[in-house]
1. Can you tell me how many residues within the range 132-162 are in contact with a helix residue (DSSP H, G or I) (Cβ under 7 Å, 6 or more places away or on another chain), crowded, with 18+ Cβ neighbours inside 10 Å and among the hydrophobic types (A, V, I, L, M, F, W, C)?
2. Yes or no: the range 240-256 includes at least one residue that is in contact (Cβ under 8 Å) with a residue 24 or more places away in the chain, within 13 Å of Leu161 (Cα to Cα) and touching a strand residue (DSSP E or B) at 6+ places or on another chain (Cβ under 8 Å).
3. Looking at (1) closer than 18 Å to Gly251 by Cβ; (2) surrounded by fewer than 20 Cβ atoms within 10 Å (Cβ to Cβ); (3) touching an Asp or Glu at 6+ places or on another chain (Cβ under 8 Å), can you tell me which one Pro209 breaks?
4. Considering the range 250-270 alone, what residues qualify as being among the polar types (S, T, N, Q) and farther than 13 Å from Val224 by Cα?
5. Within the range 38-50, can one find any residue that is modelled with pLDDT of 95 or more, surrounded by fewer than 22 Cβ atoms within 10 Å (Cβ to Cβ) and more than 17 Å from Asp156 (Cβ to Cβ)?
6. In the range 215-243, which residues are in a helix (DSSP H, G or I) and buried (at least 23 other Cβ atoms within 10 Å of the Cβ)?
7. Give Phe126, Phe167 a once-over and let me know the one that is farther than 30 Å from Val262 by Cβ and either in contact (Cβ under 8 Å) with a residue 40 or more places away in the chain or buried (at least 19 other Cβ atoms within 10 Å of the Cβ) (or both).
Amino acid sequence: MGFVSYHCHSVWSDGRASIEAMVAAAETAALAEFGLSDHLVLTPYDDSNALEWSMPRNGREVRDCLDSLRRVSEGAALPVRVGVEADYFPETWRELGRLLDDLDLDFVIGSVHYADRFPIDCSARFWAPLSGEQVTAVHRLYWQRVRELAECGLFDIVGHLDLPKKFGYAPETDLSASVDAALDAVAASGMTMELNTAGWDKPCAEAYPSIGLLRAACARGIPVLLSADAHAPGEVARHYARGAAWLRQAGYTEMRVFRNRVASTVRIPDVGKDDHDAS
Ligand SMILES: [Zn+2]
Ligand SMILES: [Zn+2]
């Protein structure tokens, strides 16, 4: 089996292209399966920024988006999986669980984009005024939230681990105890972790998570898949050859695929040097 790309956004959330255009890009890239996972953000805060990038951005219902995806999938040349990327918040995860139960999905990516009210990956301008101590506190709270995300049991895949490195603001102190606790919780949950290749196009210039964390995940037996976090058609398989090489370096030979929220395991495909490396 070839590569899959499940972490993809469309104009239904903060992507820049239609579902049709994203599916067509997956066909062109000769992917084995495509998945759409637009943002589903049940923010507990009065946050107009969140409303800008979450379904239903255009005022319609989440179900309208998923129905539209199902219609597009009928004419597609490859299997199309229906997913969401949902935010974990301690205040709203139970409500989210009730909503997810009703949506008939193939997979759910769980992500942490906020450390309480702090928007982690929105813009470097939120990080710039922070003291070193505050930067460390954001990182620490992020890992705490990842641990809770794993423990709540709602999600199939944990999204872009180590996202707070995005703009290059590193913690001042060693947070390995917090990181280890989060990884232990992910391992205990049976969740899959993604290697998210979008980080190579961000200021941190490194996939999420780092190769060190990927090795730590492999040592714990945490299953993986490769994701592009695509927001445009040209990104559906970005840096996939490099990502596959990282997976192997970290000790992985297999990756996961999903259908009806059930995972199965396939071998990581062999790639030529330039195959599937769209950017
Ligand atoms: Zn995300
Ligand atoms: Zn995403």
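1. Final tally of qualifying residues: 8.
2. no
3. With respect to (1) closer than 18 Å to Gly251 by Cβ; (2) surrounded by fewer than 20 Cβ atoms within 10 Å (Cβ to Cβ); (3) touching an Asp or Glu at 6+ places or on another chain (Cβ under 8 Å), Pro209 is out only on (2).
4. Scanning the range 250-270 gives a single hit, Asn260.
5. No, there is no match, as no residue in the range 38-50 is modelled with pLDDT of 95 or more, surrounded by fewer than 22 Cβ atoms within 10 Å (Cβ to Cβ) and more than 17 Å from Asp156 (Cβ to Cβ).
6. Ala217, Glu235, Tyr240, Gly243, listed by residue number.
7. Only one candidate passes the filter, namely Phe167.
Residues are listed down the side, and each one gets a yes or a no for (1) part of a loop (DSSP other than H, G, I, E, B); (2) within 16 Å of ligand 1 (Cβ to nearest atom); (3) at pLDDT below 95; (4) more than 23 Å from Ser189 (Cα to Cα):
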| residue | (1), (2), (3), (4) |
| --- | --- |
| Leu213 | no, no, no, no |
| Ala245 | no, no, no, yes |
| Thr265 | no, no, no, no |
| Gly272 | yes, no, yes, yes |
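The values are calculated or read from the model by the stated rules, or taken from the named source; none is laboratory data. None of the values given here were measured: they were computed from a predicted structure. Every residue, glycine as well, gets a Cβ built from its backbone with ideal geometry; the counts of neighbours run over all protein chains shown.
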